Every structure is written in C-alpha cells, then in structure tokens.
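Written below as structure tokens is the structure these notes are about.
The values are calculated or read from the model by the stated rules, or taken from the named source; none is laboratory data. Treat the numbers as computed from the prediction; the structure is a model and nothing was measured. Glycine also receives a Cβ, built like all others from the backbone with ideal geometry; neighbour counts cover every protein chain displayed.
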Amino acid sequence: MKKTSIISLLVCAAACLASLSANAQNLIGVAPVPEIYEWRIYTLAPEADAAALDAFFRDRLIPAYGRHGIEVGAFSPAESYSEFPNGARYLFFAWPDLETFRRVNRLVREDAAFMAGAAAYFDASATNPNYTNFETYLCEALDSHPRLARPAADRGLLEFRIYRSPNIEANERKIHMFENGEIDIFRETGVNGVFYSRTLAGTRMPSLTYLTWYKDADTRREAWNRFGAHPEWRRMSRMPEYAHTATDNVIRLLTPLPYSKY
C-alpha cells in the first residue's frame, strides 16, 4: 500500500475516533463547564462626563472584547440608589471559563489598537476621572443552568439580585433551593432568568447572584406577584431546611443602554 494511502487511512481513523468520542460524551451526558460571569459596577464621579464614559465603553472597550468573541452588556440604574448619588454604569461579561477570562483580559490590555484609540479618553480622565471606583463580582453559573439565556429584544427592564447568606453552609442551602424548585417557579410565573450563579468574589459574600428580565415595570410587578402567590413557593419558603439562607438581599433594577449586547 502506498504511503499516502496509509496516511489517508490514519487521518480518517483519527477523525472517526474523535467523532465517536464526542458522540459518546453526548450519550453519557457529560456536563458542560459552567460559564463565568463578571460584573463591573462603576460609581460615577460628582463631575462625571457620562457621555464620554459611554462613548469609551461603546466605541473602545466593548469592541476590544468583541474582537475576542466576548459580548458585553451595558446598563444604567432604572432608579436612584443611595450608594450612587451621581449615577452608575453596570457592565456584564459572560466568559466560557476562567482561562478565557484571564487570557482575553490580558490580550485587551496588550491591544495596541484599543490603547491608541482610547488614548484621548485616558488622557482626559486621568486628572478628572469619570468614575470614582468600580466594584467587581466574579460568579460561576449554577450546575443546573451552566449557560445563560439571552433576554428578548423587547426587554426594557432587567433585575440584578444578590442574596447574601450568613455563612457558606446557608449559601449552599440557598443554592440548593434555587436548583431544586425555585428556578422552575420563576419560569412558570414569568420571572425570566438570564443566569443564576454562585459568587466567587465580590463585596457581598457568600452570596448567590442572578439576573432576570421583563418587558417593563408592570410585567415585572405582575410576575413577582404570581411568584409570591404560587403554592409551591409558599410550601418551599416554609421548609425548615431553607430557613435563614439569605439574610441580605440587594435588588437593582437596570435599563439596557443602546450599545448593550444583552
């Protein structure tokens, strides 16, 4: 047999084995790696040029991540909150895994086109910053919902929640509650989930974070009313194993900015 024929046979065999391996993984139900979610919450400065900050995000930062396949959500508060007297911006990143988070963030920092295009903004904001700080939440998708569900195009309101627990044991019980009934009730009652996650690092720990979306404030109110009245939720909320699981609940209503990818 000719050498080229042998090589062709080996290539075909390798391809068949790879295909069989992939099919076998599908058949035995290998769980996908949970996504990693990152929030960057920017506190605007008293004299912030919000339009300049939005232009930087829209024209420079978000495209830089987009060149590496990472889409970024961008939101502003739908209501006034005491910790943001001058307003805020929320950026949301969905990462396939922690290695991609590390690698792409490094590539963006080393991106000459990004740095050159953003130079004017960096120079202008160096002595007169548009934000005083940004806090970061790094989260891992729950095993039962390892991939996010994109909100509909007509979403007008998103809701970001942080459920802080008194200790890690209570946090795990709250996560169990979500994965064993609570998320299902959300789905039934119109509380539209984007993602559900455990917090790996953030200012409120230990905690569970999640994001939901609605067409508007009225549909949100109606959905939560249905949730609160749902008989299964009433039963679950009285179960002793779920007592004292979340003692500090932060709710933030957000409006998507025109350049948001989510």
Go through Phe134, Phe122 for me and flag whichever is at negative phi, at pLDDT below 95 and surrounded by fewer than 19 Cβ atoms within 10 Å (Cβ to Cβ). Phe134
Is it true that some residue in segment 253-262 is in contact with a strand residue (DSSP E or B) (Cβ under 8 Å, 6 or more places away or on another chain), of a type in the set (Gly, Ala, Ser) and more than 21 Å from Pro34 (Cβ to Cβ)? yes
Selection from segment 50-99 of residues that are hydroxyl-bearing (Ser, Thr, Tyr) and surrounded by 15 or more Cβ atoms within 10 Å (Cβ to Cβ): Tyr65, Ser76, Tyr90
Which of the residues belonging to segment 49-96 are part of a loop (DSSP other than H, G, I, E, B), touching a residue at least 60 places away in the same chain (Cβ under 8 Å) and either among the acidic types (Asp, Glu) or in contact with a Lys or Arg (Cβ under 8 Å, 6 or more places away or on another chain) (or both)? Asp49, Glu71, Glu79, Tyr81
